[in-house]
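For reference, the structure is listed below as structure tokens.
The values are calculated or read from the model by the stated rules, or taken from the named source; none is laboratory data. All of these numbers come straight from a predicted model, not from anything done at the bench. Please note: Cβ atoms are built from the backbone with ideal geometry, for glycine as well, and neighbour counts cover all protein chains shown. These accessible areas exclude ligands, DNA and RNA; they are computed on the full protein's heavy atoms, side chains included. Shrake-Rupley method; radii C 1.70, N 1.55, O 1.52, S 1.80 Å.
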Amino acid sequence: MNNESVASKVPAVTLGFWIIKILATTLGETGGDTVTMTMNLGYLVGTAIFLSVLVVLVVVQIAARKFHPFLYWATIVASTTAGTTMADFADRSLGIGYTGGSAVLLTCVLAALGLWYWSEGSVSVNTVSTRKAEAFYWATITFSQTLGTALGDWMADTTGLGYEGGALVFGVALAVVAAVHFWTKISPVLLFWAAFILTRPLGATVGDYLDKPLDQGGLALSRPIASAVIAVLMVGLVLLIPQRAGTHPGKT
């Protein structure tokens, strides 16, 4: 087996990974809203901008021969901002609505995971060592990031819980997944993707709480400033928290 087939292209899943991931999802919400709302470019233009950036970064990420922390997290942020604008465009501009958008995107996530498993025999991040597996990985992530935006808006608006209530629900759900991981023998792969998906609506509701107007239940903070602060925190954590590629013990 050659080096390319065993060298993981994604980071090891640690507590630091989850902290940075939640910050990335929050940045995706405030960053996407900065372009579409604060800069008033609209959802379609915002989607075109962030989706183009995402495609370029995914191509570079897949072409890279080894794990590069800043490249990986830049690609994650691009997927969250693209997910924000795509979900908002579908839910609001196309009129699909939060419930319909969440249902469609959940189907897309499950389809991506199903095709990945059918093709590779595993959807474990420990097997992301080939270009095909990595393509499935980033497709699944992009759908999950888009789903998270729609799901966060559905929880906050449609259910009437508001941004704080929505963030609390998703935070508790993540805590439950963590408890199940430590105290049961349920598939770690299944729990990873459950947690990965849940971090996105958590970040979406937190981001909306920070930058939405006071009369809509937010704190009305400046979107560009909030985005800049979160980005600085992310960079600092990537530098401070040891970043290493995940192991690749083989397909399971």
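Being more than 21 Å from VAL55 (Cβ to Cβ) and not in a helix (DSSP H, G or I) is a description that does not apply to SER102.
The conditions of being closer than 26 Å to VAL232 by Cα, small (Gly, Ala, Ser) and either in contact with a Ser or Thr (Cβ under 8 Å, 6 or more places away or on another chain) or buried (at least 22 other Cβ atoms within 10 Å of the Cβ) (or both) are not met by GLY101.
Out of region 114-160, which residues are among the aliphatic types (A, V, I, L, M), closer than 24 Å to GLY32 by Cβ, open to solvent by 10 Å² or more (accessible area, probe 1.4 Å) and touching a residue at least 60 places away in the same chain (Cβ under 8 Å)? Of everything in region 114-160, just one residue is among the aliphatic types (A, V, I, L, M), closer than 24 Å to GLY32 by Cβ, open to solvent by 10 Å² or more (accessible area, probe 1.4 Å) and touching a residue at least 60 places away in the same chain (Cβ under 8 Å), namely ALA135.
Answer yes or no as to whether ILE186 is of a type in the set (A, V, I, L, M), surrounded by 14 or more Cβ atoms within 10 Å (Cβ to Cβ) and at pLDDT 90 or above. Considered against the rule, which asks whether it is of a type in the set (A, V, I, L, M), surrounded by 14 or more Cβ atoms within 10 Å (Cβ to Cβ) and at pLDDT 90 or above, ILE186 comes out as no. Output the residues belonging to region 105-123 that are over 20 Å from LEU198 (Cβ atoms) and either polar (S, T, N, Q) or part of a helix (DSSP H, G or I) (or both). Listed by number, the residues that qualify are LEU115, TYR117, TRP118, SER119, GLU120, SER122.
Picking from residues in region 147-164 that are β-branched (Val, Ile, Thr) and closer than 19 Å to GLY95 by Cβ, the one that is nearest to the chain's Cα centre (by Cα) is THR149. Taking first residues from region 77-95 that are at pLDDT below 95 and partners that are outside any helix (DSSP H, G or I) and open to solvent by 10 Å² or more (accessible area, probe 1.4 Å), the Cβ contacts under 6 Å between residues at least 6 apart in sequence or on separate chains come to ALA90/ILE96. From the list VAL45, VAL53, the lone residue that is at negative phi, in a helix (DSSP H, G or I) and crowded, with 16+ Cβ neighbours inside 10 Å is VAL53. Do the conditions hold for ALA195, that is, is it surrounded by fewer than 23 Cβ atoms within 10 Å (Cβ to Cβ), within 14 Å of the chain's Cα centre (by Cα) and not charged (D, E, K, R)? Answer is yes for this residue. The criterion of at least 1 residues that are in contact with a Cys (Cβ under 9 Å, 6 or more places away or on another chain) and of a type outside the set (A, V, I, L, M, F, W, C) is met, among helices (runs of 4 or more DSSP H) falling completely within region 124-241, by 131-153. Apart from one condition, VAL109 fits all of (1) open to solvent by less than 20 Å² (accessible area, probe 1.4 Å); (2) modelled with pLDDT of 95 or more; (3) aliphatic (A, V, I, L, M); the exception is (2). How many residues are surrounded by 15 or more Cβ atoms within 10 Å (Cβ to Cβ) and among the acidic types (Asp, Glu) when one looks only at region 203-246? Matching residues across region 203-246 total 2.
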